[in-house]
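Heads up: the structure comes next, in structure tokens.
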Amino acid sequence: MTDQVTPVDSDTSDTSDIPGKPTSASRTTLSHIMSHNDTNLLGTVHGGVIMKLVDDAAGAVAGRHSGGPAVTASMDEMAFLEPVRVGDLVHVKAQVNWTGRTSMEVGVRVLAERWNESAPPTQVGSAYLVFAAVDADGKPRRVPPVLPETDRDRRRYQEAQIRRTHRLSRRRAIMELRERRAAEGFDD
């Protein structure tokens with residue numbers, strides 16, 4: 001999940017010569033029944049298992065939207081809302097929320113339901129991931145703009161822009177701090 005691509009999330013150049021794709025074009029759901037092999041020491045499903053499913057679904061969406069390979073650049077705000085148990089049928093729903101020149105934010109919702117019950121699924125987690133589209137040499141390549149279709153898609157697009165602003169601001173602040181410490185003679 002830590003494939004190296006530079007720079008990430010700094011791509012706001014115009015992509016108007018690439019036709020946009022609607023949000024629904026790459027939206028997907030990955031479903032999996034949790035087994036004893038997926039559990040942690042507490043007897044619930046290990047968070048890392050859920051994170052892998054999240055990354056898998058988000059990667060499929062990013063590849064579909066970009067029309068080729070895409071690598072995970074970052075995962076933001078992974079929230080575990082409820083425990084997942086053996087026998088739960090987990091649904092990981094993912095879609096592209098925002099696109100830049102070479103990167104995409106993918107939003108993911110994780111739902112769980114008992115495999116043998118007809119009760120509606122419960123949201124058990126969510127995450128936001130940034131993917132960078134890459135070519136055969138691993139170099140960043142341009143992605144089509146995402147075209148939000150619904151009010152919910154438009155809200156997600158706007159929220160994604162806020163998260164992007166925060167990621168860039170956090171990166172700048174960290175780099176400035178490191179430069180100051182290096183200038184002061186600290187070797188972190």
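The values are calculated or read from the model by the stated rules, or taken from the named source; none is laboratory data. Here the structure is a predicted model, which is why all the values come from computation and not from measurement. Here Cβ is always computed from backbone atoms with ideal geometry, including for glycine, and neighbour counts include all displayed protein chains. Quick note on the areas: whole protein, heavy atoms, side chains included, nothing else; ligands and nucleic acids left out. Shrake-Rupley method; radii C 1.70, N 1.55, O 1.52, S 1.80 Å.
At-a-glance table
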item: Number of the condition not met by GLY107 [criteria: (1) in contact (Cβ under 8 Å) with a residue 60 or more places away in the chain; (2) small (Gly, Ala, Ser); (3) part of a strand (DSSP E or B); (4) closer than 19 Å to ARG27 by Cβ]; result: (1)
item: In the stretch 52-75, the residues that are more than 10 Å from the chain's Cα centre (by Cα) and part of a helix (DSSP H, G or I); result: LYS52, LEU53, ALA60, GLY63, ARG64, HIS65, SER66
item: Single unsatisfied condition, GLU149 versus (1) open to solvent by 60 Å² or more (accessible area, probe 1.4 Å); (2) in contact (Cβ under 8 Å) with a residue 24 or more places away in the chain; (3) assigned to a helix (DSSP H, G or I); result: (3)
item: ALA119 vs. criteria within 30 Å of LEU41 (Cβ to Cβ), in contact (Cβ under 8 Å) with a residue 24 or more places away in the chain and either surrounded by fewer than 20 Cβ atoms within 10 Å (Cβ to Cβ) or touching a strand residue (DSSP E or B) at 6+ places or on another chain (Cβ under 7 Å) (or both); result: no
item: Output for the stretch 78-94, where each listed residue is in contact with a helix residue (DSSP H, G or I) (Cβ under 7 Å, 6 or more places away or on another chain), assigned to a strand (DSSP E or B) and open to solvent by 10 Å² or more (accessible area, probe 1.4 Å); result: MET78, PHE80
